[in-house]
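A.B. asks: Got a structure for you, questions after.
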Amino acid sequence: MTDEARSLKPARSKLLTRRSVEKVRPLKIVVFVKSDLRHGLAGKYRGHCGECRFEEWFHLSLLLVTKPKATRPKQRRPFDSEHSQAAPTVMVQGWHAYRRTTQVVTIVIAHLEERNVMAKGMILAAGQGTRVRPLTQDLPKPMVPILGKPLMEYLIEHLARHNIREIMVNVAFHHQKIEEYFGDGHRWGVEIGYAYEGIRENGDILPRPKGSAGGMRSIQDFGGFFDESTLVLCGDALIDLDITAALAEHHAKGAVASVVALEVDPADVQSYGIVAADAQGRIQSFQEKPTPAEAKSTLASTGIYIFEPEVLQLVPPGQVYDIGSQLFPQLVAQQHAFFVQNRPFHWIDIGRVSDYWSVLQRVLNGEIANMKMPGREIRPGVWVGLNTCIPWDSVYIEGPVYIGSNVRIEPGARITGPTWIGHGCVVRAGAHITRSVLFEYTRIAANMHFHEMVVSRHYCVNRFGETSYQGDEATPLRWGDARADSQAPTHTAPARGA
């Protein structure tokens, strides 16, 4: 072992020793390597590790295959099907390494032991969603659909990608719809638990949120779920944050609480909660929607937090208590290790109905990663679901457009993207749909023009948030419920392709 290797190795390694390798076959471990260690480690241990690479905050999946000592071959050989019994042999991101790698891996893991970035997840989903009505009239805000999937599903998939497998969700309004859809989480490879926030009043059970911090304190008091670092997310935003990197930075700074923030234009600070911090990132104060002249910084809180368990002990039990307006000022006043992280990522907050329309336009244009268009692309930019009834030769469709299953589009209709047409919709002859979203089972009457709107069976909302309801005489638009539409198609047989 080199002197450099000895200097990295602590007195004891709890994660991996030679003896533990002998006992566990096979053993899978994950190593996180900080950028300032990456090149140094790769250089120091190149002779030991062969092609082993250390990536910045990247998962190195190490599969160690061992065999009893007496039968081990004396020569080092790469891991492959022919030599699958050679041990200990390591496969790192598809690259071959050799026997002495075990010693090096032991050292690296031991050195990084204090940088443990395992975490649990918390999704805040108990809000009423009043600012996005009428979208939330009969469903909770985390269930508002994007490309046919609830907002919260994208969050759970993202947490799972970063190996956060235990997730609690606080719920209140329309909570059954969240619980029935996600269940125990096994479809996404995670475990999901739910904490209902409500009261009994005059014999009825009524939703009554406890506040973002109060709800977490209630969960902790009930069963002690938050026993390690916890990533807290709002259930009404789309993100592609590098969670692994955020957790690693949180631990590297020794923080008890971290806020993930984004730089915003100085003219836009009055739309956000602004975080003021020193040069090391330690938070000094918060400002709620300050004017540009008053703003102490341009760092906007994204509603993404990382907490250590001791933070929740600061929340008074049994009270409605908010993270942003109450817990955070308390952390600053008591001078806890409270830091801001300024890192680039996409954060799309759906705070208003107009935001929802804008988000869907961006998603349909392919601007957001990890959001794949469903259906089959039968023409460039045109995706369709199953069993559609579309006379392709007599309609005009310009992508990007998604047309769901069992949708009927009649001759003379024009669809201009980005547009989403949910399953079971009917677009009558001569109707024009431009840059709009049609929820499932919506019927658009003949010759109607819907431009930049979100349309359901009962209401439609333009891109500015102005709402009209079905039967409203103040609007010339006519639409309805396609489930009650008994009119047969005006053409005899749909085309089977583009």
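The values are calculated or read from the model by the stated rules, or taken from the named source; none is laboratory data. Computed from a prediction, not measured in an experiment: that's the story for all the values here. A quick note on method: Cβ atoms are made from the backbone with ideal geometry, for glycine too, and the neighbour counts reach across all protein chains shown.
A.B. asks: Where the second residue is modelled with pLDDT under 50 and loosely packed, with under 14 Cβ neighbours inside 10 Å and the first is farther than 14 Å from GLU228 by Cβ and lies in the range 112-123, which pairs have Cβ atoms under 8 Å and are six or more apart or on separate chains?
C.D. replies: Pairs that qualify, where the first residue is farther than 14 Å from GLU228 by Cβ and the partner is modelled with pLDDT under 50 and loosely packed, with under 14 Cβ neighbours inside 10 Å, are GLU113/PRO10; GLU113/LYS14.
A.B. asks: Report whether or not ILE390 is buried (at least 17 other Cβ atoms within 10 Å of the Cβ), at pLDDT below 85 and not assigned by TED's automatic domain parsing to the domain that holds SER258. Even if it seems obvious, please write down each step before you answer.
C.D. replies: Numbers: buried (at least 17 other Cβ atoms within 10 Å of the Cβ): yes; at pLDDT below 85: no; not assigned by TED's automatic domain parsing to the domain that holds SER258: yes.
So ILE390 does not fit the description; no.
A.B. asks: Something else now. Return the residue satisfying two criteria in turn: it lies in the range 282-298 and is part of a loop (DSSP other than H, G, I, E, B) and among the polar types (S, T, N, Q), and of such residues it is surrounded by the fewest Cβ atoms within 10 Å (Cβ to Cβ).
C.D. replies: Of the residues in the range 282-298, the ones part of a loop (DSSP other than H, G, I, E, B) are 289-298.
From what is left, the residues that are among the polar types (S, T, N, Q) are 291, 297-298.
Details: THR291: 9, SER297: 20, THR298: 19.
Selected residue: THR291.
A.B. asks: Go over the candidates SER436, SER468, SER456 one by one and state the one that is among the hydroxyl-bearing types (Ser, Thr, Tyr) and surrounded by fewer than 21 Cβ atoms within 10 Å (Cβ to Cβ). Spell out how you get there, then give the answer.
C.D. replies: Values: SER436 fails: surrounded by fewer than 21 Cβ atoms within 10 Å (Cβ to Cβ); SER456 fails: surrounded by fewer than 21 Cβ atoms within 10 Å (Cβ to Cβ).
One residue alone meets the criteria, SER468.
A.B. asks: Could you please find all residues in the range 453-470 being touching a Phe, Trp or Tyr at 6+ places or on another chain (Cβ under 7 Å) and assigned to a loop (DSSP other than H, G, I, E, B)?
C.D. replies: Residues of the range 453-470 touching a Phe, Trp or Tyr at 6+ places or on another chain (Cβ under 7 Å): 454-460, 463, 467-470.
If the condition is that a residue be touching a Phe, Trp or Tyr at 6+ places or on another chain (Cβ under 7 Å) and assigned to a loop (DSSP other than H, G, I, E, B), then SER456, ARG457, HIS458, ARG463, GLN470 are the ones that fit.
A.B. asks: If you scan the range 342-355, which residues turn out to be assigned to a strand (DSSP E or B) and hydrophobic (A, V, I, L, M, F, W, C)?
C.D. replies: Going residue by residue through the range 342-355, those that are assigned to a strand (DSSP E or B) are 342, 347-349.
Of everything in the range 342-355, those that are assigned to a strand (DSSP E or B) and hydrophobic (A, V, I, L, M, F, W, C) turn out to be TRP347, ILE348.
A.B. asks: Out of (1) aliphatic (A, V, I, L, M); (2) within 14 Å of the chain's Cα centre (by Cα); (3) at pLDDT below 90, the odd one out for ALA160 is which?
C.D. replies: Of everything listed in (1) aliphatic (A, V, I, L, M); (2) within 14 Å of the chain's Cα centre (by Cα); (3) at pLDDT below 90, ALA160 misses just condition (3).
A.B. asks: Suppose the filter is more than 18 Å from ILE123 (Cβ to Cβ) and either assigned by TED's automatic domain parsing to the domain that holds PRO145 or surrounded by fewer than 17 Cβ atoms within 10 Å (Cβ to Cβ) (or both); does LEU312 pass it?
C.D. replies: Numbers: more than 18 Å from ILE123 (Cβ to Cβ): no; either assigned by TED's automatic domain parsing to the domain that holds PRO145 or surrounded by fewer than 17 Cβ atoms within 10 Å (Cβ to Cβ) (or both): yes.
In short, no.
This table checks each residue for (1) part of a helix (DSSP H, G or I); (2) of a type in the set (Phe, Trp, Tyr); (3) closer than 30 Å to CYS425 by Cβ; (4) touching a Lys or Arg at 6+ places or on another chain (Cβ under 9 Å).
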residue: ALA300; (1), (2), (3), (4): no, no, no, no
residue: VAL340; (1), (2), (3), (4): no, no, no, yes
residue: TRP357; (1), (2), (3), (4): yes, yes, yes, yes
residue: GLU367; (1), (2), (3), (4): no, no, yes, no
residue: ILE378; (1), (2), (3), (4): no, no, yes, no
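A.B. asks: Which condition from (1) aromatic (Phe, Trp, Tyr); (2) touching a helix residue (DSSP H, G or I) at 6+ places or on another chain (Cβ under 9 Å); (3) outside the structural domain of ILE283 (by TED's automatic domain parsing) is the one that TRP383 breaks?
C.D. replies: Answer for TRP383: the failing condition is (2).
A.B. asks: Answer yes if at least one residue in the range 427-436 is assigned to a loop (DSSP other than H, G, I, E, B), closer than 16 Å to LEU135 by Cβ and not aliphatic (A, V, I, L, M), and no otherwise.
C.D. replies: Yes, that holds for at least one residue.
A.B. asks: For a quick check of your reading of the model, give me the residue pairs whose first member lies in the range 402-420 and is of a type in the set (D, E, K, R), whose second is part of a strand (DSSP E or B), with beta-carbon atoms closer than 7 Å and at least 6 apart or on different chains.
C.D. replies: What qualifies is ARG408/CYS389; ARG408/VAL426; GLU410/VAL427; ARG414/TYR396; ARG414/HIS432.
A.B. asks: Would you confirm, using the coordinates I've provided, whether GLN330 is buried (at least 18 other Cβ atoms within 10 Å of the Cβ) and assigned to a helix (DSSP H, G or I)?
C.D. replies: Numbers: buried (at least 18 other Cβ atoms within 10 Å of the Cβ): no; assigned to a helix (DSSP H, G or I): yes.
So GLN330 does not fit the description; no.
A.B. asks: Here is a further query. Quick test of your reading of the structure: ALA446 fulfils all but one of (1) within 37 Å of the chain's Cα centre (by Cα); (2) modelled with pLDDT of 90 or more. Name the failing condition by number.
C.D. replies: Of the numbered conditions (1) within 37 Å of the chain's Cα centre (by Cα); (2) modelled with pLDDT of 90 or more, the odd one out for ALA446 is (1).
A.B. asks: Enumerate the strands (runs of 3 or more DSSP E) found wholly within the range 181-265, keeping only those where 2 or more residues are not hydrophobic (A, V, I, L, M, F, W, C).
C.D. replies: On the way: elements: 191-196, 198-201, 204-207, 230-234, 237-239, 257-263.
Output list reads 191-196, 198-201, 204-207, 257-263.
A.B. asks: Also, I was wondering about something else. Which one is modelled with the highest pLDDT among residues in the range 132-153 that are surrounded by fewer than 21 Cβ atoms within 10 Å (Cβ to Cβ) and within 20 Å of ILE304 (Cα to Cα)?
C.D. replies: GLU153
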